[in-house]
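Have a look at the structure below before the remarks.
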Amino acid sequence: MKNISYLLLFALLLPAAPAAADLDDESSFFREEARFISASLRATSAQKAPASVSVLTAAEIKASGASTLWDALRLVPGVDVAETRAGQGDVSVRGFNQSNSNRLLVLLDGKTVLQEFYGIAAWEAIPVGVEEIDRIEVVRGPASSLYGANAIHGVINIITKTPQQLSGTAVSAGGGNRSFRTGSVLYGGGSGKYAFKAGAGYRNMNRFEDGDELASRVARASASGRYEADSGASLGVSGGISRLNNQLGIYNNGVARPYLDSGHLRADYALGGFKARTFWNTSRVTMRDFWGGPDLAYDTFDLNISQELELSDSDKLAIGAGYRRNTIAADIFGSGWRSQDIASLFAENTWEPSEKWALTAGARLDRHSLSGAVISPRASLMCFPDQRNTLRLSAGAAFRNPTLIENYLDITQPLPAPLGNITFSGSRNLNPEKMESVEIAHNGVYGGLSTGLAVYVYRLKDLINTNKAQFTAFPDAAAGWTNTGTAHAFGGEASAEYLLNSGGKVFANYSYFNASESGRHNDSHNSPMHKANAGVYYSGLPLSGALWGHWAGPTWWDDATFFDDSPALRRLGSYFLLNARVSWRAGSRLELALKAFNLLDNRHYEVLPYRSSADVGQYGEIIGARYAAELSYRF
């Protein structure tokens, strides 16, 4: 495999012809001004977004060489990624990462993809492939004023290409080490008032520690159609399904092999400033090797309406309301269906009294059927001294509701001898976790150079953690969830990128995070204090390439068990990843690519590894290299 590393490095050093007309699809992605739709209730530019935002374009995701979405997200400043196992990535924003992270809202075209039983993103089960993604928008910081629960640390919105952008059929196939296999077919097009797209894909990859054992296998399909009426009204319908079989590390409780069948149906209607959306998410899970192999069935039903109003040329208002119902049925939740109902009202106003000033303020009221009402305000004051600079001061609040597991779990599991059993019980009396945040930021655009700087502080209170297990009647014990402690954090991100005349860009970014937490558990250390990225993209004919590095500093993880009185912090060392992709194109149709994640095979852990039955860590797997070749063709 070292020969592949040398081949990729050699190819990246080869000269290539300057970008030509055929390269517009690639190089234009590096130059366009992104229009963010995730940072506010209406589309806006990065310079006027009322929050810290980053975008990964389709070209950047492709050029990064990433085989998984979480590996591509390592590029974004402020984003924390921990690859727990070969087919499991856990993602957070601005700290507090953990195995099965649930303080981040992940959307697909504005619709949640979280597995609502625990509020986590099953990244591999998202029913679209990398080739269908137009961009990934990342909002760093609280966004509950727009999205409600789970948008406590931020939002990641995966935005797919329109049928018009696809305009034809594309097929791809690839393979690599550790039984990495992938394939996809994608079609998009339209005629007159109608547009349609559909895609399907498959991916298989084996473990880093045992190349013969399956880590993750997923099959997926999705389709959508849209109708545009002469009146200006539009109607869209879409759906997707996926079947995932992977290994899942669950804190220090063990490794499960869930079989997850997920699907969704969605309908959208828009006319002028009015928008309505409804969707149904459904999942069926069969566990293996964990909790006695229970079956879970859970669904989410959602309805959301909004109206944009132009009060004047300088004053715009958006208002809306929503309703969501989460349901679950499983033996580990008792008999029958359990449910949560959430109703919401929200509003956001943007006032631009002059060319140099803008104020965006909004709030959202969410009422949860078990934990009551929460108000999430946010305000951003922006100053534009000139066309090149933007200054922003933001403050806001966000929250995370208790999950279905934290509310309803009821399960008894055996403990190692000489102990007996432990019973885990959910609580209907939990308060939502709440965050209060203040941030100051600067963005600059100086010709081909773009810069960003953000500094923030926040307080996270009413943290939901497992409590210390109590012996009910020795040797049996009981544990559950409770609100414990408050965390304080501060940090910042700095970034710069420079567009090259030859058809690419160079970039670098740095992130800092520091936190302290009161109470028994201390998972605020689950993210590195320092992270950095740097790299170069180049688009030429016939060769294009990218080379970038990701460094993460040491991380402290809490290895406490249910019987410990205080945190048991353990240190994982820093690590460095060198990633690369080089491709050869014949015109605009055929492309052959070689790509590598962790090119130098720097073997490391990103969460605590399993060492023995007395030192289980978080069942982290050693992370090695992925090498792959892919061939794609457009009709």
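The values are calculated or read from the model by the stated rules, or taken from the named source; none is laboratory data. Bear in mind the structure is a predicted one, so any value in this text is a computation, not a measurement. Counting neighbours? That spans all protein chains shown, and the Cβs are built from the backbone with ideal geometry, glycine included.
Taking residue 125, is it touching a His at 6+ places or on another chain (Cβ under 9 Å), within 27 Å of residue 54 (Cα to Cα) and not aromatic (Phe, Trp, Tyr)? Steps first, answer last, please.
Values: touching a His at 6+ places or on another chain (Cβ under 9 Å): no; within 27 Å of residue 54 (Cα to Cα): yes; not aromatic (Phe, Trp, Tyr): yes.
It is false that residue 125 is touching a His at 6+ places or on another chain (Cβ under 9 Å), within 27 Å of residue 54 (Cα to Cα) and not aromatic (Phe, Trp, Tyr).
Would you say residue 448 is small (Gly, Ala, Ser), out of contact with any helix residue (DSSP H, G or I) (no Cβ under 8 Å at 6 or more places or on another chain), at pLDDT 90 or above and farther than 21 Å from residue 298 by Cβ?
yes
For segment 428-501, please list each of the strands (runs of 3 or more DSSP E) lying entirely inside it that holds at least 1 residues being hydroxyl-bearing (Ser, Thr, Tyr) and in contact (Cβ under 8 Å) with a residue 60 or more places away in the chain. Spell out the reasoning first.
Working: elements: 433-446, 449-461, 464-466, 470-473, 476-483, 486-500.
Correct list: 433-446, 449-461, 464-466, 486-500.
Among the residues of segment 395-422 satisfying the criterion of being surrounded by 23 or more Cβ atoms within 10 Å (Cβ to Cβ) and in contact with a helix residue (DSSP H, G or I) (Cβ under 7 Å, 6 or more places away or on another chain), which is nearest to residue 296 (Cα to Cα)?
Ranking the qualifying residues of segment 395-422, first place goes to 409.
Filter segment 38-58 down to the residues that are in a loop (DSSP other than H, G, I, E, B) and closer than 17 Å to residue 358 by Cα and list them by number. Reasoning before the result, please.
First pass over segment 38-58, keeping only residues in a loop (DSSP other than H, G, I, E, B): 38-43, 49-51.
Of everything in segment 38-58, those that are in a loop (DSSP other than H, G, I, E, B) and closer than 17 Å to residue 358 by Cα turn out to be 39, 40, 41, 42, 43, 49, 50, 51.
Collect the residues in segment 157-171 that are surrounded by 15 or more Cβ atoms within 10 Å (Cβ to Cβ), outside any loop (DSSP other than H, G, I, E, B) and without any contact (Cβ under 8 Å) to a residue 40 or more places away in the chain, keeping them in residue-number order.
166, the sole residue that qualifies.
Can you pull out the residues in segment 337-390 that are of a type outside the set (A, V, I, L, M, F, W, C) and touching a His at 6+ places or on another chain (Cβ under 9 Å)?
Step one: filter segment 337-390 for residues of a type outside the set (A, V, I, L, M, F, W, C), giving 338-341, 344, 348-350, 352-356, 360, 362, 364, 366-369, 371-372, 376-378, 380, 385-390.
Across segment 337-390, the qualifying residues are 340, 341, 389, 390.
Which of the residues belonging to segment 437-459 are surrounded by 15 or more Cβ atoms within 10 Å (Cβ to Cβ), closer than 30 Å to residue 365 by Cα and under 22 Å from the mean Cα position of the chain (by Cα)?
Answer for segment 437-459, where residues must be surrounded by 15 or more Cβ atoms within 10 Å (Cβ to Cβ), closer than 30 Å to residue 365 by Cα and under 22 Å from the mean Cα position of the chain (by Cα): 437, 439, 454, 455, 456, 458.
Which condition does residue 486 not pass, out of (1) surrounded by fewer than 16 Cβ atoms within 10 Å (Cβ to Cβ); (2) at pLDDT below 90; (3) under 30 Å from residue 407 (Cα atoms), if it passes all the others?
Just one mismatch for residue 486, condition (2).
Mind checking which residues of segment 126-146 are farther than 20 Å from residue 455 by Cα, outside any helix (DSSP H, G or I) and of a type in the set (Gly, Ala, Ser)?
First, pick out the residues of segment 126-146 that are farther than 20 Å from residue 455 by Cα: 126-136, 145-146.
Then keep just the ones that are outside any helix (DSSP H, G or I); that gives 126-129, 133-136.
Matches in segment 126-146: 129 only.
Of the conditions (1) of a type in the set (Ser, Thr, Tyr); (2) buried (at least 21 other Cβ atoms within 10 Å of the Cβ); (3) in contact with an Asp or Glu (Cβ under 8 Å, 6 or more places away or on another chain), residue 425 fails just one. Which one is it?
Status for residue 425: all satisfied but (2).
Does segment 583-606 include one or more residues that are surrounded by 22 or more Cβ atoms within 10 Å (Cβ to Cβ), of a type outside the set (S, T, N, Q), in a strand (DSSP E or B) and out of contact with any Ser or Thr (no Cβ under 8 Å at 6 or more places or on another chain)?
No; the residues of segment 583-606 include none that is surrounded by 22 or more Cβ atoms within 10 Å (Cβ to Cβ), of a type outside the set (S, T, N, Q), in a strand (DSSP E or B) and out of contact with any Ser or Thr (no Cβ under 8 Å at 6 or more places or on another chain).
Please go through segment 536-562 and give me each residue that is at pLDDT 90 or above, touching a His at 6+ places or on another chain (Cβ under 9 Å) and assigned to a strand (DSSP E or B), ordered by number.
551, 552, 555
Which members of segment 186-210 meet the condition of being more than 24 Å from the chain's Cα centre (by Cα), surrounded by fewer than 20 Cβ atoms within 10 Å (Cβ to Cβ) and either of a type in the set (A, V, I, L, M, F, W, C) or more than 29 Å from residue 79 (Cα to Cα) (or both)?
The answer is 187, 189, 190, 191, 192, 193, 194, 196.
What about residue 391, is it at pLDDT 95 or above and either loosely packed, with under 15 Cβ neighbours inside 10 Å or not aromatic (Phe, Trp, Tyr) (or both)?
On the way: at pLDDT 95 or above: yes; either loosely packed, with under 15 Cβ neighbours inside 10 Å or not aromatic (Phe, Trp, Tyr) (or both): yes.
It is true that residue 391 is at pLDDT 95 or above and either loosely packed, with under 15 Cβ neighbours inside 10 Å or not aromatic (Phe, Trp, Tyr) (or both).
List the number of the failed condition for residue 486; all other conditions in (1) among the polar types (S, T, N, Q); (2) more than 24 Å from the chain's Cα centre (by Cα); (3) over 16 Å from residue 434 (Cα atoms) hold.
Result: residue 486 passes all but (3).
Would you mind finding the one in 210, 289 that is of a type in the set (D, E, K, R), assigned to a loop (DSSP other than H, G, I, E, B) and without any contact (Cβ under 8 Å) to a residue 24 or more places away in the chain? Don't jump to the end; show me each part of the working.
On the way: 289 fails: without any contact (Cβ under 8 Å) to a residue 24 or more places away in the chain.
Going through 210, 289 in turn, just one is of a type in the set (D, E, K, R), assigned to a loop (DSSP other than H, G, I, E, B) and without any contact (Cβ under 8 Å) to a residue 24 or more places away in the chain: 210.
Looking at segment 566-580, is at least one residue among the aromatic types (Phe, Trp, Tyr), free of Cβ contacts under 8 Å to residues at least 40 places away in the same chain, more than 30 Å from residue 497 (Cβ to Cβ) and surrounded by fewer than 22 Cβ atoms within 10 Å (Cβ to Cβ)?
no
Name every residue in segment 497-507 that is under 14 Å from residue 549 (Cα atoms) and either surrounded by fewer than 17 Cβ atoms within 10 Å (Cβ to Cβ) or more than 22 Å from the chain's Cα centre (by Cα) (or both), in order of residue number.
Here is the first cut: in segment 497-507, the ones under 14 Å from residue 549 (Cα atoms) are 506-507.
Across segment 497-507, the qualifying residue is only 506.
What number goes with the only condition from (1) crowded, with 17+ Cβ neighbours inside 10 Å; (2) at pLDDT below 90 that residue 533 does not pass?
So the condition that residue 533 fails would be (2).
If you go through segment 322-335, how many residues are farther than 18 Å from residue 282 by Cβ and either free of Cβ contacts under 8 Å to residues at least 24 places away in the same chain or buried (at least 16 other Cβ atoms within 10 Å of the Cβ) (or both)? Can you show your working first?
Within segment 322-335, the subset farther than 18 Å from residue 282 by Cβ is 322, 331-332, 334-335.
Pick out the ones that are also either free of Cβ contacts under 8 Å to residues at least 24 places away in the same chain or buried (at least 16 other Cβ atoms within 10 Å of the Cβ) (or both) and you get 322, 332, 335.
Residues in segment 322-335 being farther than 18 Å from residue 282 by Cβ and either free of Cβ contacts under 8 Å to residues at least 24 places away in the same chain or buried (at least 16 other Cβ atoms within 10 Å of the Cβ) (or both): 3 in total.
All but one of (1) crowded, with 24+ Cβ neighbours inside 10 Å; (2) under 22 Å from residue 215 (Cβ atoms); (3) of a type in the set (A, V, I, L, M) hold for residue 151; state the number of the condition that does not hold.
So residue 151 meets the others, but not (2).
With the condition kept exactly as written, say whether any residue in segment 72-84 is within 23 Å of residue 375 (Cα to Cα) and in contact with a Phe, Trp or Tyr (Cβ under 8 Å, 6 or more places away or on another chain).
Initially, segment 72-84 is screened for residues within 23 Å of residue 375 (Cα to Cα), giving none.
Scanning segment 72-84 turns up no residue that is within 23 Å of residue 375 (Cα to Cα) and in contact with a Phe, Trp or Tyr (Cβ under 8 Å, 6 or more places away or on another chain).
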